[in-house]
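Rule-based calculations on the coordinates, nothing more; no lab input. Note that the structure is predicted; figures quoted are calculated from it, not measured. As a convention, Cβ positions derive from the backbone with ideal geometry for all residues, glycine included, and neighbour counts pool all protein chains shown.
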Amino acid sequence: MLLVALFAAQASAQEVADPVGEAIYRRGILPSGQPITAKREPDLQISGGDAACSNCHRRSGLGELEGHIRIPPVTGAALFRPRVHDGNVGAPPNSDAAYSRRDAYSKEALARAIREGVAVDGSQLNYLMPHYSLADADMASLIGYLKGLTRFKSPGVNAGVLHLATIVTPDADPVKRRAMLDVLDHYFADTNAAALAGGLHSRSPQGAMSMPNYRWQLHIWELTGPASAWDQQLRTHLEHEPVLAVISGVGGKTWAPIHRFCEQAGLPCLFPNVDLPVVAEHDFYSLYFSRGVLLEADLIAHAITGDKRLPAAHRVVQIYRRDDIGQQAANALRGGVAGVDLVDRPLRTGNGKQQLAAALRDIGSRDVVVLWLRPQDLALLAALPSVHSRVFISGLMGGLDQSPVPAASRGVAVMVYAFDLPDHRVIQTDYPLGWFRINHIPVIDQRVQTDTWLACVLLSETLSHMSDSFVRDYLVERLEGMLDHQMLTGYYPRLSLAPNQRFASKGGYLVKFAEPSGSRLVAESEWIVP
Amino acid sequence: MFAKNWFYSITLISIMGLAPASRAGDAGQKPRSDDAASRPVVTTTVGYSVPDVQLVRDDGKQVSLPAEMNDGRAVVLNFIFTTCSSFCPLSSQTFREFQQELGPDRERVHLMSISIDPEQDTPARLRDYAHKFAAGPGWQHYTGTLAASLAAQRAFGAYRGDKMSHTPLTLMRAAGAKTWRRIDGFATPSELLSECRQLLAVQ
C-alpha cells in the first residue's frame, strides 16, 4: 500500500499540476464540461479537441517544427524566461542554456497572446495560432498548467546516466528472451564505450554540436506469476528503478497489462517484441513496429474478400490453440470477413495430430483453411492427408522463413508475411547481421534480434536529436517526427508514425515457399496495406 | 529534389499583389496587409504535367488521376494526412468553408485532397475524415500506393521529403487548362473563392 501511495504521490507531483488547465490544454474541455472555443480570422471557428493546445504545441509543450512553421515551446521555462542575448542557439527549448530573443511573458501578456494572437513584443503570432475565448478563471488555470509544464527532467535521468528498462513476461519464449537480452547488452556496452571516449557528437570542430554525454544503464524487469499480478510488480520496479523509458521487451500471450501500466505511469514503451500488441492508437506511450497477428488477420481478410482469383469460398475454417494468441487473431479475422461462412476449430491441449486430423477431416477444395499455429503443430501436417484447398498460415506464429510447412502443402499454403521480402531487405539486414557478427552475438532468432537492434538504433538517434531535453513525452514526440527519415528499417520496407499512429509498419505480403524444401520464399502478392 | 516532370513557368507572380518571390513555393514573403506577417501567402501561376497514376478514391474505387482531373470541372487540390493535428485540419476546414461559399458554382468545381500518408489513410479513414469536415459531394479524398502518392506530390511540387515536413499549399486550375494557380501558405476561404471565381469566369 505504501508503495502505491508513494507512486501516486510521485506521479501527481510531476504530471498533474492543474487538472483544469490540463483538460483545457490536452483535450479542449472546460471545467463545466463544455468544449473550449476559438477562431482564426476571418471566421474559422474551432472547438473542443480540435482546438486543444496540445495538437500543435504537443503534450510536452516543447513545440514542433511543421514544414517551415516553427510551433514554439509553451513550457513555463520557455515562456517566462527573460531575454538572453548570449545563449546557446542550438540549446533545447527548455534548457537553462537556451537562447531567448524576446522578453519574458507576464500572465497578462500571455493571456493576450492566447486571446488575441499578439506576442509579448507586439507582433502578430502565426495564423496557425487560434484566438481563444477563455474566461479569466479558465485562463488562470491554463497559465498555471503551462507554468508547471515539463518543468522537471524525467525520472531515470541523472548524473550522466540514462536509466532504461526492458520488460520480460514469464510466458515469453526463452529463445526470444535470450536473443533480445544479448542484443541489448551489447548495444548498451557499445553506446557506453563511445560515451567513455566523449561521444561521437563531441567531435564537431565547431563545438556547436556539443552534446551531453550519457551512459545507458539497462534494468531488466522480469515479471512473474499470472498477468493479473504484473501491474503491481511493474509499479514496484519503477519505484525502485526510475527509468526514462522501456526499450524493446519480450512478451507472450498478452502484453495488455504492460501497455496499460505504461500509459498510466506516463512511461514510453518503445517497440517491444510482441506479436499481439494492444490496438489503442489514441494512447500515447506505447509504440510498436506493427499490429502483429492482428495485421495478419486483416491481410487474410483482404485476400479472402478481395482476391477474385480465389474460388468463391464455401467456408473459412480457422484452427488455433485456445491458450495461444491465435484465438485473438481468429476473432479479428471473423470481424473482418462479415457475411462469410466462418467456422472456428480450436485445438485443446493434448494429442495435436489427432485433433488436427479431426479439424481438417471434411475440408473440400472450395474451403479456405487458416492456421494460427506454431511450428510444432505445423510440422504435424506432414503425417496427415494433403489438404486440397487454399491454406493461409500465420507467418509470425508459424516461424516465417523457417516454418516447417511440409512439401505436400507448399503448393496450396500461402503465408502471411508482414515484413519486407527477404530479397528486398538484404541491404537493410546486412547492417545488423554484420554488427551481430563483429560482436560475436549468435543469431538465434534473426527477426527478434534485428527488431531489438532497430529499437536501440531508433532510441539512440532520437536521443541525439533531443540534446539534454530528456523528457518522456518529448521522447515519444521526437520519435514520431523522425521515423519517416529513418534509413535503417531492418525487416520493414519503411517506418512511419504520427500523433494517434502507434504502429510503424502498416502492411505485408502473401508468400509461398519456392521449393518443396528449404526456406526460399516467393511473393504471391504485391505489398498490401489492408 | 523536385521531380523532373514539373517545370516552373512562372508567368505571373503576385504575392497577394506585391513583392516578387525569389522562388515559387517560398512562402516567406513580405506582407500585403497587416495580418500577412502571421499569414504569408504567395500565389504563382505554374504549369504542371499531371502524372498518369492510379489512386484509390475514398469510396474505395481505383481511379486515374488525370481522369479525375479532367471531368469538365475546375479542380482545387490540396495534400493532407488524416493524423496531422496541426495544419491539415485548418486546410480542410478552409476547403469546407470555401466549398460552402461557392454556392451554385459548387457543381462546377471538383475539390480533391490527396493523402501524403497513404498507408495509414485507408479509404475508410478518409471517409471518416471527410465526414468530420462535412465534405460535400464535389469533394473527394484520395489514397493509393505510396509510389502513386509520391508521384502526385512530386508532380505538383508538394513533396517535402516526408509528411512531417509538409507545407500548406492549394492548387487550382480551370477545366482543361494547362496552367495552375499555386497558392503557398494559409489562404482563407474567401481568397480561394476569389481565385476560383476568376478561373470559372474564363472557363
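Want the number for residue A:426 to residue A:215: 0.36 nm per residue separation, take away the alpha-carbon distance, what's left?
On the way: separation 211, 0.36 × 211 = 75.96 nm, distance 3.17 nm.
Fully extending the segment from residue A:426 to residue A:215 adds 72.8 nm.
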Under the Karplus curve 6.51 cos²θ - 1.76 cosθ + 1.60, θ = phi - 60°, whole-Hz ³J(HN,Hα) for the range B:100-115, x wherever Gly or Pro sits: 5, 6, 4, x, x, 6, 3, 5, 8, 10, 9, 8, 10, 10, 9, 6
Check: the range B:42-200 dipole with +1 on Lys, Arg Cβ and -1 on Asp, Glu Cβ, in debye: 200 debye
Translational diffusion coefficient (Stokes-Einstein; Kirkwood radius from C-alpha pairs) of the protein assembly as shown at 10 °C, 1.306 mPa s, in µm²/s: 57 µm²/s
Per-residue Cβ neighbour rank within 10 angstrom, fewest leading, B:190, B:86, B:113: B:190, B:86, B:113
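Of all alpha-carbon pairs in the range B:46-121, indicate the percentage at a distance above 22 angstrom.
Working: 850 of 2850 pairs.
Across the range B:46-121, Cα pairs with separations above 22 Å total 30 percent.
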Rounded to 5, percent antiparallel among DSSP beta bridges of the protein assembly as shown: 50 percent
Beta bridges per DSSP with both ends in the range B:42-200, % antiparallel, nearest 5: 60 percent
Residue order, fewest to most beta carbons within 10 Å, for A:237, B:141: A:237, B:141
Extended-chain gain in nm, criterion 0.36 nm per residue less alpha-carbon gap, residue A:34 and residue A:524: 171.1 nm
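Using a Förster distance of 45 angstrom, determine the FRET efficiency expected from the C-beta separation of residue B:131 and residue A:440, and round it to 0.05. Numbers along the way, then the final one.
Working: r = 56 Å, r/R0 = 1.25.
Efficiency for this residue pair is about 0.20.
Is it possible to state the helix-based mean residue ellipticity at 222 nm for chain A, with each DSSP H run of 4+ residues giving -39500 (n - 2.57), the sum divided by total residues, to the nearest 500 deg cm²/dmol? What is it?
-10000 deg cm²/dmol
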Integer Hz, Karplus 6.51/-1.76/1.60 couplings in order for the range B:59-67, x for Gly and Pro: 8, x, 7, 7, 9, 8, 4, x, 5
Free-standing Cys residues across the protein assembly as shown, given no other cysteine C-beta under 4.7 angstrom: A:53, A:56, A:456, B:196
Gap separating the Cα centres of the range A:270-288 and the range A:123-161, nearest whole Å: 27 Å
Rounded tilt (10° steps) of A:230-240 against the dominant C-alpha axis of chain A: 40 degrees
Anisotropy class of the range B:42-200 from Cα gyration tensor, a/c 1.5 cut: rounded
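Treat the count of other C-beta atoms within 10 Å as a stand-in for reagent exposure and order A:390, A:520 from fewest to most.
Working: A:390 22, A:520 13.
Ranking A:390, A:520 by Cβ neighbours within 10 Å, fewest first, gives A:520, A:390.
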Other-chain or far-sequence residues with amide H under 5 Å of residue A:286's (modelled H): A:269
Centre separation in Å (Cα based) which lies between the range A:430-486 and the range B:61-81: 40 Å
Set A:153/B:132; A:107/A:153; A:39/B:163; A:353/A:512; A:253/A:512; B:132/B:163 screened for pairs whose C-alpha atoms are more than 30 Å apart: A:153/B:132
For the range A:248-379, average projected area of the Cα convex hull in nm²: 9.3 nm²
Net charge of Cβ neighbours under 12 Å - reference residue B:73; Lys, Arg +1; Asp, Glu -1: -1
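R0 = 35 Å: FRET efficiency of residue B:105 with residue B:67, Cβ-based, nearest 0.05? Mind showing how you got there, number by number?
Details: r = 22 Å, r/R0 = 0.64.
Working from the Cβ atoms, E equals 0.95.
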